[in-house]
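What follows is a single structure, written as structure tokens, with notes after it.
The values are calculated or read from the model by the stated rules, or taken from the named source; none is laboratory data. These numbers were taken from a predicted model, which means no experiment stands behind them. Please note: Cβ atoms are built from the backbone with ideal geometry, for glycine as well, and neighbour counts cover all protein chains shown. Side chains are part of the model used for accessible areas, which takes the heavy atoms of the whole protein and leaves out ligands, DNA and RNA. Shrake-Rupley method; radii C 1.70, N 1.55, O 1.52, S 1.80 Å.
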Amino acid sequence: MVRTEIKANQREAAQLFVRGVAAARGGQRRLAAVLLARVVQLDPQHEMGWLWLSGVLDDPKEIAFCLRSVLAINPQNERARRGLAWLESRQLLRDGDADITTPFARAAPNGVEASASNSRDGAVAAPSPSMWHTRLISFLFPTREPSRDHTDSWWVGWRLSRQEMSRARVLLWSMPILLLALTLALNYALRTAVERNQALVQAELTQRAIAAGEEAAPTPEEPVVAVPALLETTLAEERNAATLAYLSRLEEPRARLRGAIESYRNATSRPGGSSIIHATSAQRLRDEIEQAYAVIAAVQPPDALAEAHALYLQGLELEVTALDHMLAFYSSFRAEDANRAALAMAEAARRLDQARQAFDRQQAELSVETPLPHAAR
């Protein structure tokens, strides 16, 4: 009966040893320590169980205990000897550690021999746990009085983990909403800026037309300047012709720009539009502005419109910069890119508005002062 129980313990110890080695190789040191400690409890003569158990413990005293148990079973085990020598060379063992662990190591094989002798004598009852088993358990797993901090630590850790998970969920849900809000705000700001610029241009055109109509009426108080009529007419016609040619060459690229801006507004004002559609529309508008810039920069302006010409080109450059910031925003959704795009677009609108006013003023003056060739007929 006792021999059968010993064999059953050895089989169970062998199974637990395989699991303990797998846990140790997988990095689960605490689980491996529990399994291997159970192995040496079931089979105190398990040499490899003691050796592997020494490899998953942290206390030098416990490691020395296991290594001396290995040497008690097999004095020729070189790995155990090298392990003890390493502990002693690092001075990890105190002077009293050898006196404490040596009796345990000597007691390990004697306990099994005593059990074996009892089995040979024909004892029927299972042997009671020896003093060595009790001392082994108390040595490897010392019992301590649980404190309130230890009892509550799992609860505190669980609550902290729940709070962290809640914060993470709130952050994950809020990020898409924040990005969507930033995208909508940027599109709204750009559409508002474009609409405001168009309204200002229209109002300025209306005022200039009214002012030009009033100035065209002759007044008797105006002094008559005595200048050679033929020379004055020739110079005025040349200046007007150069100005008309310049404004005519600008009409096509400006018309294309107005169409591109209208297409961009239609594409970005649709409800439910994605950032990909907005980015594609912004890239298309940027390409149109660059093409218009190249055409306008190649035109030589007259002296009266040189400043307006420079302002118009500067406004186009700022619009390209603003669209670059917009494209950067659609790829990274950073708030600073949106702010830079809005500032650059506002400055571009200011300079373009000044240039448009100068162009429209000159156009209105030409339409009033220069009669058409067939008007006299």
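Taking the condition in a helix (DSSP H, G or I), within 22 Å of ALA85 (Cβ to Cβ) and under 46 Å from the mean Cα position of the chain (by Cα), does LEU53 pass?
It is true that LEU53 is in a helix (DSSP H, G or I), within 22 Å of ALA85 (Cβ to Cβ) and under 46 Å from the mean Cα position of the chain (by Cα).
Could you list, in sequence order, the residues of the range 250-266 that are among the aliphatic types (A, V, I, L, M) and farther than 15 Å from ARG196 by Cα?
Of everything in the range 250-266, those that are among the aliphatic types (A, V, I, L, M) and farther than 15 Å from ARG196 by Cα turn out to be LEU250, ALA255, LEU257, ALA260.
Between a residue in the range 335-350 that is free of Cβ contacts under 8 Å to residues at least 24 places away in the same chain and any residue that is part of a helix (DSSP H, G or I) and small (Gly, Ala, Ser), which pairs come within a Cβ distance under 7 Å, given they are 6 or more apart or on different chains?
Close Cβ pairs (under 7 Å, with a partner that is part of a helix (DSSP H, G or I) and small (Gly, Ala, Ser)) amount to ASP337/ALA328.
Can you find even one residue in the range 344-358 that is at pLDDT below 85, assigned to a helix (DSSP H, G or I) and closer than 25 Å to TYR312 by Cα?
no
Can you give me the number of residues within the range 42-73 that are open to solvent by less than 20 Å² (accessible area, probe 1.4 Å), over 17 Å from ALA22 (Cα atoms) and either out of contact with any Asp or Glu (no Cβ under 9 Å at 6 or more places or on another chain) or touching a residue at least 24 places away in the same chain (Cβ under 8 Å) (or both)?
Residues meeting the conditions: 6.
Looking only at residues in the range 244-277 that are surrounded by 15 or more Cβ atoms within 10 Å (Cβ to Cβ) and over 22 Å from ASN187 (Cβ atoms), which one is farthest from the chain's Cα centre (by Cα)?
Selected residue: LEU244.
Which residue pairs have Cβ atoms under 7 Å apart, sit 6 or more places apart or on different chains, and have a first residue in the range 239-256 that is touching a residue at least 40 places away in the same chain (Cβ under 8 Å) and a second that is among the hydroxyl-bearing types (Ser, Thr, Tyr) and crowded, with 16+ Cβ neighbours inside 10 Å?
ASN240/THR370
Say whether the condition of being free of Cβ contacts under 8 Å to residues at least 24 places away in the same chain, more than 26 Å from ALA209 (Cβ to Cβ) and in a helix (DSSP H, G or I) is met by at least one residue in the range 301-310.
The answer is no, given that none of the residues of the range 301-310 is free of Cβ contacts under 8 Å to residues at least 24 places away in the same chain, more than 26 Å from ALA209 (Cβ to Cβ) and in a helix (DSSP H, G or I).
Is it the case that ALA236 is in contact with a helix residue (DSSP H, G or I) (Cβ under 9 Å, 6 or more places away or on another chain), more than 30 Å from MET326 (Cβ to Cβ) and modelled with pLDDT of 60 or more?
Here the answer is yes, as ALA236 does meet what is asked.
Within the range 300-334, track down each residue that is over 35 Å from the mean Cα position of the chain (by Cα) and within 21 Å of ALA260 (Cα to Cα).
HIS309, LEU311, TYR312, LEU313, GLN314
Look through GLN91, GLN10, GLN76 and report the one residue that is open to solvent by 30 Å² or more (accessible area, probe 1.4 Å) and modelled with pLDDT of 90 or more.
GLN76
Between a first residue in the range 193-211 that is of a type in the set (A, V, I, L, M, F, W, C) and a second residue that is in a helix (DSSP H, G or I) and open to solvent by 90 Å² or more (accessible area, probe 1.4 Å), which pairs have beta carbons less than 6 Å apart while being 6 or more apart in sequence or on different chains?
Hits for this filter: zero, empty list.
Could you tell me which residue of the range 278-298 is modelled with the lowest pLDDT, considering only residues that are open to solvent by less than 80 Å² (accessible area, probe 1.4 Å) and under 25 Å from LEU180 (Cβ atoms)?
HIS278
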